[in-house]
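**Q** What follows is a single structure, and I will ask about it in a moment.
The values are calculated or read from the model by the stated rules, or taken from the named source; none is laboratory data. What you see is a predicted model; the values in this text were computed from it and never measured. Cβ coordinates were reconstructed from backbone atoms using ideal geometry, including for glycine residues, and neighbour counts include every protein chain displayed. Keep in mind that these areas ignore ligands, DNA and RNA; they rest on the heavy atoms of the full protein, side chains included. Shrake-Rupley method; radii C 1.70, N 1.55, O 1.52, S 1.80 Å.
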Amino acid sequence: MASASSKTKQLSLFDPAILRPALLESLRKLDPRRVARNPVMFVVEVGSVLTTLLWLRDRLLRPPGAAPGWFTLSVSVWLWFTVVFANFAEAVAEGRGKAQAQALRRMRREVTARRRVDGGEERVPASALRKGDTVVVEAGEVIPGDGEIVEGIASVDESAITGESAPVIRESGGDRSAVTGGTRVLSDRIVVRIGVEPGESFLDRMIALVEGAARQKTPNEIALHILLVGLTVIFLFACVTLVPVARYASIDLSATAVVALLVCLIPTTIGGLLSAIGIAGMDRLLRKNVLAMSGRAVEAAGDVDTLLLDKTGTITLGNRMATELIPSPGVAVEDLADAAQLASLADETPEGRSIVVLAKQQYGLRGREVREAEHHFIPFTAQTRMSGVDMGPRRIRKGAVDAVARHVAALGGALPPELQAAAERIGDSGGTPLAVSDGARVLGLVHLKDVVKGGIAERFERFRAMGIRTVMITGDNPRTAAAIAREAGVDDFLAEATPEAKMRLIKDEQAKGKLVAMTGDGTNDAPALAQADVGVAMNTGTQAAKEAGNMVDLDSNPTKLLEVVEVGKQLLMTRGTLTTFSIANDVAKYFAILPALFVAVYPELAPLDVMHLASPFSAILSAVIFNAIIIVLLIPLALKGVRYRPLGAAAVLRRSLLLYGVGGVVAPFAGIKLIDLALAATRLVHA
Amino acid sequence: MTENGWLQIGLFALVVLAVTKPFGLYLHRVFEGERRPLPRVLGPLERALYRLCGVEPRREHDWKGYAFAMLIFSGLGVVVTYAIQRLQHVLPLNPQGLGPVAPDLAFNTAASFATNTNWQNYGGETTMSDLTQMAGLAWHNFTSAAVGIGVALALARGLTRHPGPGGARTLGNFWVDLVRSIVYVLLPASVVVALVLVALGVPQTLSAYRELTTLEGLKQVVALGPVASQEAIKELGTNGGGFFNANSAHPFENPTPLTNFLELVLIFSIPAALTYTYGKMARDTRQGWAVFAAMAVLFLAGVGIAYRAEAQANPALAGLACDHRAGNLEGKETRFGVAGSALFATVTTGTSCGAVNAMHDSFTPLGGLVPLLNIQLGEVIFGGVGAGLYAMLVMVILTVFIAGLMVGRTPEYLGKKIEAREMKLAMLYVLIFPLLVLVLSAWAAVAPYGASSLGNAGPHGLSEILYAYSSQAGNNGSAFAGLSGNTRFWNVTGALDMLAGRFLMIVPVLAIAGSMVGKKVVPAGPGTFPTNGATFTVLLIFVILIVGALTFFPALSLGPVLEHFAALHGRVF
């Protein structure tokens, strides 16, 4: 079954499948009721209507002294474009979500549920299921609603939601009991207790989220909006009062020119792109297969000061691996490798396999033919805590150091004191020693240790540069935890962690004013997930965990938390840089429009026209066109986000200021001049 | 331009820099310290005042309480001052037998002094009795300055206090701040400065005006009065209301270049020192210095432009047989020269002082643009006593918000997040000033009863209008002159301009303080936006320029800017 998300994931931002409906949508969004939600663009739309009416009036009544018709018309057309471009940015940002929602909706087709009633079963439509109902689902059937398995174990195809085609195992009890409506049971039979009311299912929420229906303005977005509206009001007054002030100076300003000045001065660039930036941020997370329950959560991710990371799966690979062989005095390391490999050949655990791999990679011992007749494998038991192989007279054993010591002592041998010391050293460093014996002789030790994921230390280093503290959470004892923490390069660790200790840590950090992010999957993680400012629940986790967190990672990859933080920061940075750019732009627009307004009456003001634009009309028109086109040009930046660099705040600030502050002052000078030249070359403008 | 001129400016900057830290420390001790200075002498006075007024000094106000006390106090001040002016003919201490002040002028003057503006639509020596000068006006010179300091302290406390989740979200006690400002700072300093001024030749007397015979044998009445005492607080409290109509250009107010220098330092002393006090309160003096640096850069740029412009020959006098190398000396006192006048104009407008020692109206267009722009930037170039600091801190909050997002975090200042509520209040603050100035200027420019007061036509007249309303809304009080402000229209709109420019802006400031004080504090780390370095100072300057200049640039381009370019073409207005 082709999944919804994997299909849409490949849609590029500027895929025709997104662009075409977006074009239509951007016209539909001209509806004043929708534009009014964005006061900055609403002012532009009012300006467009006004200039259009002016053009019509001039056309019909031909009043004396009116601005030339082509000028009023061109300004009004470009003002309309300004609104349309802003709408287009938003529509493109919503496009991918819409496509994905459509695919999801197709999956939410009506299924029939087998509800259990008093020992029997009845067939009801899934939409009739209520919280607390129990249903039976068998191989080949679609799970009718979100819930928890109360009975049985099954492999489930969740590709519809996660895009991951490999089936996952779901079973009753424990942390792998949650199932999602719309996914398909591939084998076995399970009984599911429905956990949500109709219309509130994960799929419903997901559709609402990706469609943006549930999108509310986030706190920073609201604050930024206030700034933009404030600036708009200031410029509105500056432009409106300019009319009487100019009249005092015997200049009759045309309404078209004043509207053009106003639109160029108010922060249309950021105003037009603001909502697209927010939607695109959610969308970027979605493409990483993280479902944010609110934009607020994405924003909070950018503010995170402390990351709580589970050791297993995030910092270390899931299993311990053999990394070193330590022979007993007088034993060749090759002999130890040989025995260790033989003892592990039948050991299918990851640890066992890692010993075989180590022997092969470091000592050139290849896997040998193992014939059951000659070899008698001894499986691991909880009592002996050893496994091994009997080959003729050889009795090779491998296991916990004390268990092997007892085993050889029974055969008349002894554990050399050097090995005892080495075993303690391994324990101190956070590893686990395994002893290998042949008969009564202890050959040496295998050093099993937690292997820290490649590149993770560098990643933490980047976070440190950004001022984010990483804390490792582990059930290990403090000694082991300290050793791994050192190797992974985390700033701190919480050893022998219990859910209560985790909760306390979060509250302590928050009391210091810090924002905390964490991942979790178990039911006992739920309170901590709810307490954390950013709680990423694994999709494989329990229903409780998924409800407590404010994000769900569909891939259930705990490392994803790091990317979530980066997306959050990128979102805020994009807003900041475009705001700076937008405000910096005003300088050039002044120098284009103001001389154009006054120079006819006061030719002395010509030196203010530093760009030497072709004519006053061309100057105003060029500024308006630049103002509109810059929105389109910045759509890719708004949607993809500014390039994220793991630097300290001071360095990031200096870079951004140079690029978007200084660039924002300089770029429009060049842009407006170029447009002016182009207008002159194409003779679109009459002097 | 002469070396001597630059030397004066440089020396002045150095003296201000040198005064900032010790005076700032003193202020910190007065307002935030455990023990205040001179406990034997001033302590009893402070306590007596509390007892007299029934003030419980340990009880602090939240922002609403602080704002309420401030508004009641200032409102009563307006009423009392209005009454004194209207009744001065029946009140004592009226040696000249001056009649009651007209209602609209009395309203304008009461509003003017209560708002620390000291806009004067009257000539002091011919309108106000000694009682009015001392009880009605000089009273406000102390209290309005103290109110400004109080508001600045309240905002600084809001930003720097860490009361914790259960702690009191208070900003200090308005009455305590008021009393301490006066008892420990304004009063003692004024006494000392007044004595110094007397020693330097400024009169201090309650006797009637003297009639003297001039060299030509004509009779002339020489106005006298308690000048030195009023002069001291006029500069120290950035009030600017002169005893005489000619203000600091008058030889009795400002007799020598030395008194001129002293007065300049006095104007900057408290506003500059408060930046250090603020840094102390923030437990990071670099925070204070960053603010100081932004103010200093804007000041130096302004004085440089003004001095350069004024050192040019006056285009209106071109062709006349006189020495043009001295620069534009029209409307300037020769004892101060071009440098001393340009410096005074920049200082008095950067702060909301408004005292003048030269006629800004006679400055070259660019030279006159600097004082006007200084006011329009929001009186943040050291600014009024207290008012400069709180105005600058609002700009800081704005800067932190605009640029803070760029580092990928919710903007924070001193560890406290800047959120929607603070933005709303900061934008409200930023909106009021341009709104007042632009709307009133546009009205006056086209209304016959407004424009009829203009002394000049064309762009220069527009500069006069813009200057009048900017100066009043910015609570500066200096006049461009040339404008006859004593008409009902100008008196009433001016009074409203001043009251709104003061109190409509203070209330959002206190509200910001109130919403910041209880916020959680995030400890600074490498990921936080640094607000105590050079990058931030540069940013702050740009935001001030963009918010201030962009708002007024359209109107300015038809005023001083047009006049400048027209003058280059030999066209004068």
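**Q** Could you tell me how many of the residues in segment B:418-456 are assigned to a loop (DSSP other than H, G, I, E, B), open to solvent by 20 Å² or more (accessible area, probe 1.4 Å) and more than 9 Å from chain A (Cβ to nearest Cβ)?
**A** Selection size over segment B:418-456: 4.
**Q** Still on this structure, please answer the following. Only one residue in B:A189, B:A135, B:A145, B:A156 is among the aliphatic types (A, V, I, L, M), touching a Phe, Trp or Tyr at 6+ places or on another chain (Cβ under 8 Å) and not in a loop (DSSP other than H, G, I, E, B), so which one is that?
**A** Result of the check over B:A189, B:A135, B:A145, B:A156: B:A156.
**Q** Ok, one more. Inside segment A:414-513, counting only strands (runs of 3 or more DSSP E) that do not spill past its ends, which hold 2 or more residues that are within 14 Å of chain B (Cβ to nearest Cβ)?
**A** Counting at least 2 such residues, we get A:469-473.
**Q** Of B:M359, B:M395, which residue is more than 13 Å from B:A272 (Cα to Cα), touching a residue at least 24 places away in the same chain (Cβ under 8 Å) and out of contact with any Leu (no Cβ under 9 Å at 6 or more places or on another chain)?
**A** Just one listed residue meets the conditions, B:M359.
**Q** In this structure, is A:R115 surrounded by 16 or more Cβ atoms within 10 Å (Cβ to Cβ) and either over 24 Å from the mean Cα position of the chain (by Cα) or at pLDDT below 85 (or both)?
**A** Yes.
**Q** Here's another thing I want to ask about it. Can you go through A:A526, A:A537, A:A501, A:A517 and tell me which one is under 23 Å from A:N289 (Cβ atoms), over 18 Å from the mean Cα position of the chain (by Cα) and small (G, A, S)? Steps first, answer last, please.
**A** Values: A:A537 fails: over 18 Å from the mean Cα position of the chain (by Cα); A:A501 fails: under 23 Å from A:N289 (Cβ atoms); A:A517 fails: over 18 Å from the mean Cα position of the chain (by Cα).
Checking each option against the conditions leaves just A:A526.
**Q** Taking the stated definitions as given, is A:A17 open to solvent by less than 10 Å² (accessible area, probe 1.4 Å), modelled with pLDDT under 90 and more than 19 Å from A:A255 (Cα to Cα)? First the steps, then the outcome.
**A** Numbers: open to solvent by less than 10 Å² (accessible area, probe 1.4 Å): no; modelled with pLDDT under 90: yes; more than 19 Å from A:A255 (Cα to Cα): yes.
It is false that A:A17 is open to solvent by less than 10 Å² (accessible area, probe 1.4 Å), modelled with pLDDT under 90 and more than 19 Å from A:A255 (Cα to Cα).
**Q** For A:N627, all conditions in the list (1) more than 14 Å from chain B (Cβ to nearest Cβ); (2) in contact with a Gly (Cβ under 6 Å, 6 or more places away or on another chain) hold save one; what is the number of the exception?
**A** Among (1) more than 14 Å from chain B (Cβ to nearest Cβ); (2) in contact with a Gly (Cβ under 6 Å, 6 or more places away or on another chain), A:N627 violates only (2).
**Q** Please enumerate the residues belonging to segment B:529-573 that are among the small types (G, A, S), assigned to a loop (DSSP other than H, G, I, E, B) and facing chain A (nearest Cβ under 9 Å).
**A** If the condition is that a residue be among the small types (G, A, S), assigned to a loop (DSSP other than H, G, I, E, B) and facing chain A (nearest Cβ under 9 Å), then B:G533, B:G559 are the ones that fit.
**Q** Which condition does A:G568 not pass, out of (1) under 30 Å from B:G404 (Cα atoms); (2) small (G, A, S); (3) away from every other protein chain (no Cβ under 14 Å); (4) open to solvent by less than 10 Å² (accessible area, probe 1.4 Å), if it passes all the others?
**A** Status for A:G568: all satisfied but (3).
One line per residue, one yes/no per condition, for (1) within 24 Å of the chain's Cα centre (by Cα); (2) under 25 Å from B:S484 (Cα atoms); (3) among the small types (G, A, S):
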residue	(1), (2), (3)
B:W63	yes, no, no
B:V80	yes, no, no
B:P92	no, no, no
B:V101	no, yes, no
B:E125	yes, yes, no
B:T132	yes, yes, no
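**Q** Okay, next question. How many residues, within segment A:275-310, are open to solvent by less than 10 Å² (accessible area, probe 1.4 Å) and part of a helix (DSSP H, G or I)?
**A** The total comes to 12.
**Q** Here's a follow-up. Which ones in segment A:185-201 are over 13 Å from A:A128 (Cβ atoms) and in a loop (DSSP other than H, G, I, E, B)?
**A** First pass over segment A:185-201, keeping only residues over 13 Å from A:A128 (Cβ atoms): A:185-193, A:195-196, A:200-201.
Those that are over 13 Å from A:A128 (Cβ atoms) and in a loop (DSSP other than H, G, I, E, B): A:D188, A:G195, A:V196, A:E200, A:S201.
**Q** Hey, another quick one. Identify all residues within segment A:232-274 that are surrounded by fewer than 24 Cβ atoms within 10 Å (Cβ to Cβ), among the hydroxyl-bearing types (S, T, Y) and in contact (Cβ under 8 Å) with a residue 24 or more places away in the chain; write none if there are none.
**A** Once the filter is applied, which keeps residues that are surrounded by fewer than 24 Cβ atoms within 10 Å (Cβ to Cβ), among the hydroxyl-bearing types (S, T, Y) and in contact (Cβ under 8 Å) with a residue 24 or more places away in the chain, segment A:232-274 yields A:T232, A:S250, A:S254.
**Q** Follow-up. For segment B:14-40, which residues satisfy the criterion of being among the basic types (K, R) and open to solvent by less than 60 Å² (accessible area, probe 1.4 Å)?
**A** B:R36
**Q** Counting only residues that are among the polar types (S, T, N, Q) and open to solvent by 10 Å² or more (accessible area, probe 1.4 Å), which one in segment A:76-112 is farthest from the chain's Cα centre (by Cα)?
**A** From segment A:76-112, those among the polar types (S, T, N, Q) are A:76, A:82, A:87, A:100, A:102, A:112; that's our starting set.
Going one step further and asking which of them are open to solvent by 10 Å² or more (accessible area, probe 1.4 Å), we end up with A:87, A:100, A:102, A:112.
On the way: A:N87: 24, A:Q100: 17, A:Q102: 21, A:T112: 35 Å.
Only one residue tops the list, namely A:T112.
**Q** Of the residues that make up segment B:408-417, is at least one within 7 Å of another protein chain (Cβ to nearest Cβ) and crowded, with 24+ Cβ neighbours inside 10 Å?
**A** The answer is yes, given that some residue of segment B:408-417 is within 7 Å of another protein chain (Cβ to nearest Cβ) and crowded, with 24+ Cβ neighbours inside 10 Å.
**Q** Given the options B:L373, B:L389, name the one that is under 30 Å from A:L605 (Cα atoms) and either assigned to a helix (DSSP H, G or I) or touching a strand residue (DSSP E or B) at 6+ places or on another chain (Cβ under 6 Å) (or both).
**A** The conditions single out B:L373.
**Q** Additional query: Out of (1) within 7 Å of chain B (Cβ to nearest Cβ); (2) touching a residue at least 60 places away in the same chain (Cβ under 8 Å); (3) open to solvent by 10 Å² or more (accessible area, probe 1.4 Å), what's the single condition that is false for A:G576?
**A** (3)
**Q** Let me spell it out: the conditions are (1) among the polar types (S, T, N, Q); (2) under 17 Å from A:D146 (Cα atoms); (3) open to solvent by 20 Å² or more (accessible area, probe 1.4 Å), and A:N539 meets all of them except one. Which number is the exception?
**A** (3)
**Q** Let me ask something additional. Within segment A:638-656, identify whether any single residue is closer than 17 Å to A:T82 by Cβ, crowded, with 17+ Cβ neighbours inside 10 Å and touching a helix residue (DSSP H, G or I) at 6+ places or on another chain (Cβ under 6 Å), and answer yes or no.
**A** yes
**Q** Sticking with this structure for a sec: Using the structure shown, decide if A:V357 is modelled with pLDDT of 85 or more and either of a type in the set (A, V, I, L, M, F, W, C) or within 30 Å of A:A457 (Cβ to Cβ) (or both).
**A** Judged against the criteria, A:V357 is not a match.
**Q** Which condition number does B:P526 fail, the rest of (1) within 7 Å of another protein chain (Cβ to nearest Cβ); (2) free of Cβ contacts under 8 Å to residues at least 24 places away in the same chain; (3) part of a helix (DSSP H, G or I) being met?
**A** The one condition B:P526 does not meet is (3).
**Q** Within segment B:159-177, work out how many residues are in a helix (DSSP H, G or I) and farther than 21 Å from B:T275 by Cβ.
**A** 3
**Q** Test B:N118 against the stated conditions and say whether it is outside any helix (DSSP H, G or I), in contact with a Leu (Cβ under 9 Å, 6 or more places away or on another chain) and buried (at least 18 other Cβ atoms within 10 Å of the Cβ).
**A** Answer is yes for this residue.
**Q** Conditions first: (1) surrounded by 18 or more Cβ atoms within 10 Å (Cβ to Cβ); (2) under 20 Å from B:I397 (Cβ atoms). B:G533 passes all but one, so which condition is the exception?
**A** Unmet condition: (1).
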